[in-house]
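To start, the structure under review is shown below, and the notes come after it.
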Amino acid sequence: MATHVRAEAPPARPSWRSRLYRFDLKASPYAFIAPFFLCFAAFGLFPLIWTGWLSLHYVDLLTPDVMEWKGFGNYTRLWSNDQFWTALRNTFTIGVISTVPQLLMALGLAHLLNYRMRGRGFFRVAILAPYATSIAAATLVFVQLFNPDYGFINWALGAIGIDHTQWYADTWPSQIAISTIVTWRWTGYNALIYLAAMQAVPKDLYEAASLDGANRWQQFTRITIPSIRPTIMFTIIVSTIGATQLFGEPMLFGGGVGVSGGSAHQFQTLSLYMYELGWPSRQLGRASAVAWTMLLILLLIGLVQFLITRYRKRHELGG
């Protein structure tokens, strides 16, 4: 008996409209984010790589096309330079005495603004005013306040029996004055970030804690702080980056000697030291080495914070 096998028809080729539609689905997301990466490559990645290349050469600011190979000579020269270590130490101390009080006050302000109170919207906007003020205007006001001869700060301290303070000449007073400017500008900004995080904490937790007899302070330390811990870590990282790159406040605070950070470099930060090498001293290679050193310091700080966060998570999961 003869059998007839019916051959299957080959699958129909998708039309060009279908292929175009699938290509559009796959390519559109990349096309939408492409402008950002193109701009980042042009204004972020390329300067970073070019600065690293410059740091391995001797380059004069007036003749940037003439380079002399130095290898890691610019980095080893930083290692034996006292002014670099002074700038690094100043950056660390100013960063600590400005970041710690700034974040603590921001936490307190955000906690207060999280309560129901009259004019809450006005106060939430008002604390952002220092951030909206320009660095030059804010520093100009604080320069007048900290003036050793006629400033309000010395007058107020003298009224309570504290001796006359040289806010520009001495190391710690000058760094405290600069830290005050930084703290004043950024406290409100961080407070709003904390407030946004506090708004997302479930109200049920506070109601349950209140029924258990927890007071406001206990609710703040045992509910609010643990709930917004990732936000706190974020602000610590951002503030650390800002402190490492501190430039405008000490530059304007020092006036004519702002670039050198005072007559004895008592408040010169790494950013100011980099600027002094690159522009007044015209040594682009050494300035680039300082820039890359700052980047490596930031990466090291970020790695330490990442390891601490990872350790805490493991410890919490293990507990």
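The values are calculated or read from the model by the stated rules, or taken from the named source; none is laboratory data. Since the model is a prediction, treat every value here as computed from it, not as a measurement. Methodologically, a virtual Cβ is constructed for each residue, glycine included, from the backbone with ideal geometry; neighbour enumeration extends over all protein chains shown. SASA here: full protein model, heavy atoms, side chains in, ligands and nucleic acids out. Shrake-Rupley method; radii C 1.70, N 1.55, O 1.52, S 1.80 Å.
Among residues belonging to the range 105-120 that are open to solvent by less than 50 Å² (accessible area, probe 1.4 Å) and either free of Cβ contacts under 8 Å to residues at least 40 places away in the same chain or small (Gly, Ala, Ser) (or both), point out the one that is farthest from Ile236 (Cα to Cα).
That would be Gly119.
When you scan the range 145-161, how many residues do you find that are surrounded by 11 or more Cβ atoms within 10 Å (Cβ to Cβ) and part of a loop (DSSP other than H, G, I, E, B)?
Total meeting the criteria: 4.
Checking the structure you have, find out if any residue of the range 207-225 is closer than 25 Å to Ala126 by Cα, crowded, with 18+ Cβ neighbours inside 10 Å and among the basic types (Lys, Arg).
no
For the condition without any contact (Cβ under 8 Å) to a residue 60 or more places away in the chain, surrounded by fewer than 13 Cβ atoms within 10 Å (Cβ to Cβ), closer than 30 Å to Ser80 by Cα and not charged (D, E, K, R), what is the one hit in Val304, Val259?
Val304
Taking the residues in the range 121-144 that are of a type in the set (S, T, N, Q) and within 23 Å of Ala106 (Cα to Cα) as candidates, determine which candidate is most open to solvent (accessible area, probe 1.4 Å).
By that ranking, first place goes to Ser134.
Can you pull out every residue in the range 200-219 that is of a type outside the set (A, V, I, L, M) and part of a helix (DSSP H, G or I)?
The answer is Lys203, Asp204, Tyr206, Glu207, Ser210, Arg216, Trp217, Gln218, Gln219.
Say whether the condition of being at pLDDT 90 or above, surrounded by fewer than 15 Cβ atoms within 10 Å (Cβ to Cβ) and not in a loop (DSSP other than H, G, I, E, B) is met by at least one residue in the range 288-297.
Yes, the range 288-297 has at least one match.
Here is a list: Phe92, Phe123, Phe142, Phe84. Which entry is at pLDDT below 90 and part of a helix (DSSP H, G or I)?
Phe123
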